[in-house]
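What follows is a set of notes on a single structure, which appears directly below.
Laboratory data are not the source of any read-out in this text; all were calculated from the coordinates shown. All figures in this text were calculated on a predicted structure; none of them were measured in a lab. Cβ sites come from the backbone with ideal geometry, for glycine too, and all protein chains shown count toward neighbours.
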Amino acid sequence: MKSGFVALAGKPNVGKSTLINGIMKRKVVIVSDKPQTTRNRINCILTGKDFQIVFTDTPGIHRPLHRLGEYMVKIAIRAMQGVDLILFVVDATEGFGKPETYVARYIEETKISTILVVNKIDLLKDKKEACQKIEAMAETHTSQIVDSIYVSAVTGENLELLLQKILDKLPEGPQFYPEDMVTDRPLEFMVAELIREKIFNLTSQEVPHSTGVGVDALEERENGVVYILATIYVERDSQKGIIIGKGGRMIKEIGMMARKEIEFLLGKKVFLELRVKTKDKWRNRDGIILTTLGLRSDLG
Ligand SMILES: Nc1nc2c(ncn2[C@@H]2O[C@H](COP(=O)(O)OP(=O)(O)OP(=O)(O)O)[C@@H](O)[C@H]2O)c(=O)[nH]1
Ligand SMILES: [Mg+2]
């Protein structure tokens, strides 16, 4: 049996979460076209006949502008410590610039074997040239790169090969989690994430980034319906207005889309009730970041 921990690292929006879902062949973590979607460390467990890989999804490493951002970067850096392998994910269309150099510095400090994963090659005409350039740059900045691969997390190109390369590098080891476990996160967390994903998909500019979601109640009632109460936190009343929308249309849409996915996840009927609360500058307030949104456990 081969097993081990594999952390994905990269700047925001390069496709780390999409890559995990692609390798796992199911949606485990949330994805959006906006940077800084992932805020936590989320372990995603892939169990095969003779292997178990624990992929650690992390927030994108960036220069933070508020306390929440500082914690996100800290979480990403801590998540790399002690893993067996790092996947350094770079966006093929963006090349290797300053933000990548910034990420490379943190990877370098870990001294852990790293596979360079150049993602989004489906968007490139001249793949080879662009990827080789990135590879050369990455190798000058990260001395522990042991292999590299060009993939598309969306089309699935080369994902099987990537899995093989990961397995080649992992040691013999025990099964860490039960074989039917897909993530180490509780249901409440996954539900809050799905709600947040819909907000990221449906709103724009500062609104998604100013939003946090906490699940207040989740219980199965006697009629078999799962009742969920969740609060969407925003920083300003104007954002509350946008989340609720004209005649409540936006919150209805968020609720409907999230409910469908939660029902799929649970295989049960769901009644989802959403509230919206304004918490002034919550992204700079430890209380809500660490406790209500649960980032404290990721920092340990
Ligand atoms: N065309 C294309 N788009 C991709 C690919 N991988 C990811 N994307 C898109 O890139 C965007 C960002 O994807 P995410 O998986 O959320 O990126 P991330 O690195 O996890 O981002 P953060 O959580 O913000 O750090 C989404 O719109 C994805 O659909 C790919 O291989 N090809
Ligand atoms: Mg992500």
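Taking Lys and Arg as +1 and Asp and Glu as -1, the other residues whose beta-carbon sits under 11 Å from that of residue 281 total +3. Remark: C-alpha extents of the stretch 205-255 on the principal axes read 40, 22, 15 Å, sorted largest to smallest. Shape of the stretch 2-169 from the C-alpha gyration tensor: rounded (a/c under 1.5, with a ≥ b ≥ c the square roots of its eigenvalues). Calculated mean residue ellipticity at 222 nm for the chain: -11500 deg cm²/dmol, from DSSP H runs with n ≥ 4 weighted as -39500 (n - 2.57), summed, divided by the residue count and rounded to 500.
Net charge dipole, the stretch 74-124: roughly 220 debye, given to the nearest 20, about the Cα centre with Cβ charges of +1 for Lys and Arg and -1 for Asp and Glu. Between the residues 148, 173, 17, the greatest Cα displacement towards the positive end of the dipole of the chain, with unit charges on the Cβ of Lys, Arg, Asp and Glu, is found for 17. Within the stretch 2-169, DSSP assigns beta bridges of which about 20% are antiparallel (rounded to the nearest 5). Straight Cα distances below 19 angstrom link residue 125 to the aspartates and glutamates 91, 94, 135, 157, with same-chain residues fewer than 8 positions distant left out.
Note on residue 204 and residue 133: with the Förster distance fixed at 41 Å, the Cβ-Cβ geometry gives a FRET efficiency of about 0.80.
On full extension, the segment bounded by residue 223 and residue 146 gains 22.3 nm, given 0.36 nm per residue less the C-alpha separation.
Straight-line cross-link partners of residue 198 among the lysines, defined as a Cα under 21 Å from its Cα and at least 8 positions apart when in the same chain: 16, 25, 27, 34, 240, 246, 252, 260, 268, 269, 277, 279. Label positions at residue 161 and residue 180, each projected 7 Å from the Cα along the C-beta direction, are separated by 3.7 nm. Summing charges over neighbours of residue 150, with a neighbour being any other residue whose Cβ is under 15 Å away from its Cβ, gives -4 when K and R count +1 and D and E count -1.
The alpha carbon gyration tensor of the stretch 187-299 gives principal lengths a ≥ b ≥ c with a/c of 1.5 or higher and a/b no greater than b/c, which makes the shape oblate. About the Cα centre of the stretch 1-92, what is the dipole size in debye to 20, counting +1 per Lys and Arg Cβ and -1 per Asp and Glu Cβ, all else neutral? Result for the stretch 1-92 is approximately 200 debye, rounded to the nearest 20.
Taking every alpha-carbon pair under 8 Å whose residues sit at least 6 apart, the chain reaches a relative contact order of 18 percent. Ordering 208, 195, 250 by the projection of their Cα atoms onto the charge dipole of the stretch 187-299, which places +1 on the Cβ of Lys and Arg and -1 on the Cβ of Asp and Glu, puts 250 at the extreme positive end.
Anisotropy class assigned to the stretch 91-175 is oblate, per the alpha carbon gyration tensor with a/c at or over the 1.5 cut-off and a/b no larger than b/c. Between residue 286 and residue 252, the simple spin-label model (points 7 angstrom out along Cα→Cβ) gives 4.3 nm. Per-peptide packing, taken as the mean over residues of other Cβ atoms within 10 Å, places 97-106, 21-30 in the sequence 21-30, 97-106 from highest down. Computed from the C-beta positions of residue 108 and residue 187, the FRET efficiency with R₀ = 41 Å rounds to 0.65.
Assuming charge only on the beta carbon of Lys and Arg (+1) and of Asp and Glu (-1), the dipole of the stretch 205-300 about its Cα centre is about 320 debye to the nearest 20.
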